[in-house]
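**Student:** The following block contains the structure, expressed as structure tokens.
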Amino acid sequence: MYERYLLNLFRALEARPQTAELSTVIGLLDPAELAMYVRDLEDGSAAGEIGDYLQRLTPDQARDLRGLADRLALLIEGAHGDRLTTAPNATDEIDLLRAVREGAVVVFSLNSSSYGATAKLIGNMVIQDLKAVCGAIEAESAERRPAVVAVDEFSGLDGDQVAGLFQRARSAGLSLMLATQELADLRRVDEGFDEQVLGNVEWVLAGRQNNPASAELVAGLAGTEEVWVHTFQTDDVALRGRAPFPRESGMGTKHRGREYVVSPDEIKALGVGRMVLVEKNPHRVETVDVLPADHPARRGPRAA
């Protein structure tokens, strides 16, 4: 339920270009406030669709939203609340645009296991803010400073938000790095989300994939190469004799065919610290070690 409400909430925020703080989002978790907010949207279609959705909310759903709003309000009222809102002193708040300009490091560590809905809401707000940062960077004429945005376990966020950041980040000169356990997780986010992500990335670094579909996907990204395929004929006379197996007759064929550069079985059997690196342009495939040979994780379990 939260997911759909938040999707409509962020859709409304995108349709009204203005600075949206956490306090604004908390207020819009009240369906009545969001209904008033969408009345001023220039996009009449979006306003109508969001309004229709809000009319179908049940009293129980509205109560759950109030609970989520209370948990977020505690963040603002807590010890670090000043960093999540506009502060009199700019150094006391998190300003992602200033962080990009200054080359600063900003880390958001969200416990999605204990606070799933709250973590998802804050994560989506960060993505929303990053898209606004991209717009501000594009509007600047000054030399752009390279920056990297890394999102771990991004499958817990809204697919539309992440896909939108992909579209904006490239033109703004930001590099986006996404991490997840299995490539199959991409399909669980939203329909077609895996195609959007894989269609935009320049590099794929994949470790062992236990899911056969994920292994096939990595192998497909790595591509195929042309090889010689050999066939041979057998002499079934051996079957009527004492030989246990048929023997080659000495005749056969040889033709050109294609096979995976890295087979799905190889990907499913990758050891700890071994990964397949796929670069799109220029196309390059390489198996790399991301851990040194003497790393404890690569030594295996100790003998008892």
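**Student:** For a paramagnetic label modelled at 7 Å from the Cα of Asn200 toward its Cβ, which residues of the stretch 253-288 fall within the zone defined by backbone nitrogen distances under 14 Å?
**Tutor:** No residue qualifies, since no backbone N sits under 14 Å from the label point.
**Student:** All other residues with a Cβ under 12 Å from the Cβ of Ala104 taken together, and with Lys, Arg as +1 and Asp, Glu as -1, what is their net charge?
**Tutor:** Residues near Ala104 contribute +1 overall.
**Student:** In what sequence, highest mean first, do 100-112, 118-130, 27-39 appear when ranked by Cβ atoms within 10 angstrom? If you can, show how the numbers build up before the last one.
**Tutor:** Working: 100-112: 12.1, 118-130: 20.9, 27-39: 17.2.
Order by mean packing, descending: 118-130, 27-39, 100-112.
**Student:** Just add up the charged neighbours of Ser214: K/R +1, D/E -1, any other residue whose Cβ is under 11 Å from the Cβ of Ser214.
**Tutor:** Neighbour charge sum, excluding Ser214 itself: -1.
**Student:** Moving on to the next point. Cut-off under 23 Å on the C-alpha distance; same-chain residues fewer than 8 positions from Lys131 excluded. Which lysines are left, in chain and number order?
**Tutor:** Once the sequence-local lysines are set aside, what remains near Lys131 is Lys120.
Rule-based calculations on the coordinates, nothing more; no lab input. This is a predicted model, so every value here is computed, not measured. Here Cβ is always computed from backbone atoms with ideal geometry, including for glycine, and neighbour counts include all displayed protein chains.
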